[in-house]
Each structure stands twice: as structure tokens, then as C-alpha cells.
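The structure appears right after this line, and notes come after that.
The values are calculated or read from the model by the stated rules, or taken from the named source; none is laboratory data. Because the structure is predicted, anything quoted here is derived from the model rather than measured. Positions of Cβ are backbone-derived with ideal geometry, glycine not excepted, and every protein chain shown enters the neighbour counts.
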């Protein structure tokens, strides 16, 4: 904080990085914050990337869940899945004609 950075990259993953960014925002109001999650670990080769076909089809999360089930199961299945179902249901409700 004392260095007064203009850009801060935070690669802790959700929700840790979001909490840290929220806390740092008060101390660095002029800085840009970039939540990069696992991008740094991917770039460093510390985490394997999903096959290209899985990335292209939006299924990288399945690969990551299989690779790190204990770390990601709660996040992907308990938090993200109900949200995805809610968004899908609302989208479908808008498309159904009302009588």
C-alpha cells in the first residue's frame, strides 16, 4: 500500500481475491484492481490447462473440478450452480409468452 501502485493484480481466486480487493480499495482509491484468479498459475505452468476443445466449449470448469475436487467442489457446485440455474430460469421466463 505504501508504494502507491496504479495497478494491482490479485490472483487468489474467488472469494479471497474479491475480499482483498474490497479491503485494499479503501487504501488505494486511485488504483485499478485486476482479479486474475488462476491466470498467473496457468501462465507459470503451475496448473494444467484444460484441453483446447473444453476451453472452446466453455467446459474448462469441468476439467478444473476433476483436477481439484476438494478445493473447487464447494465453489462450483454449491455457489455457482444455483446461480446458473436462477439465471437460466429467468432467461426462460422472459421468452415464454404471457397470456
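Every residue, every condition in (1) touching a helix residue (DSSP H, G or I) at 6+ places or on another chain (Cβ under 9 Å); (2) in the same structural domain as residue 75 (by TED's automatic domain parsing); (3) without any contact (Cβ under 8 Å) to a residue 40 or more places away in the chain; (4) within 27 Å of residue 68 (Cα to Cα), yes or no:
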position: 7; (1), (2), (3), (4): no, no, yes, no
position: 26; (1), (2), (3), (4): no, no, yes, no
position: 36; (1), (2), (3), (4): yes, no, yes, yes
position: 39; (1), (2), (3), (4): no, no, yes, yes
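Any residue at all in the range 73-82 that's more than 14 Å from the chain's Cα centre (by Cα), more than 29 Å from residue 8 (Cβ to Cβ) and exposed (fewer than 12 other Cβ atoms within 10 Å of the Cβ)? Within the range 73-82, one or more residues are more than 14 Å from the chain's Cα centre (by Cα), more than 29 Å from residue 8 (Cβ to Cβ) and exposed (fewer than 12 other Cβ atoms within 10 Å of the Cβ). Quick one: is residue 49 surrounded by 13 or more Cβ atoms within 10 Å (Cβ to Cβ) and either at pLDDT below 95 or touching a strand residue (DSSP E or B) at 6+ places or on another chain (Cβ under 7 Å) (or both)? In short, yes. Of the candidates 90, 64, 94, the single residue that is outside the structural domain of residue 5 (by TED's automatic domain parsing), surrounded by 11 or more Cβ atoms within 10 Å (Cβ to Cβ), part of a helix (DSSP H, G or I) and out of contact with any strand residue (DSSP E or B) (no Cβ under 8 Å at 6 or more places or on another chain) is 64. Contact map, the range 9-21: residues that are assigned by TED's automatic domain parsing to the domain that holds residue 35 and surrounded by fewer than 16 Cβ atoms within 10 Å (Cβ to Cβ) paired with residues that are part of a helix (DSSP H, G or I) and at pLDDT 85 or above, Cβ distance under 8 Å, separation 6+ or inter-chain. Pairs shown: 9/40. Among the conditions (1) at pLDDT below 90; (2) farther than 30 Å from residue 6 by Cα; (3) under 15 Å from the mean Cα position of the chain (by Cα), the only one that residue 38 does not satisfy is (2). Applying the criterion of being over 24 Å from residue 16 (Cβ atoms) and in a loop (DSSP other than H, G, I, E, B) to the residues of the range 45-57, the residue that is nearest to the chain's Cα centre (by Cα) is 57.
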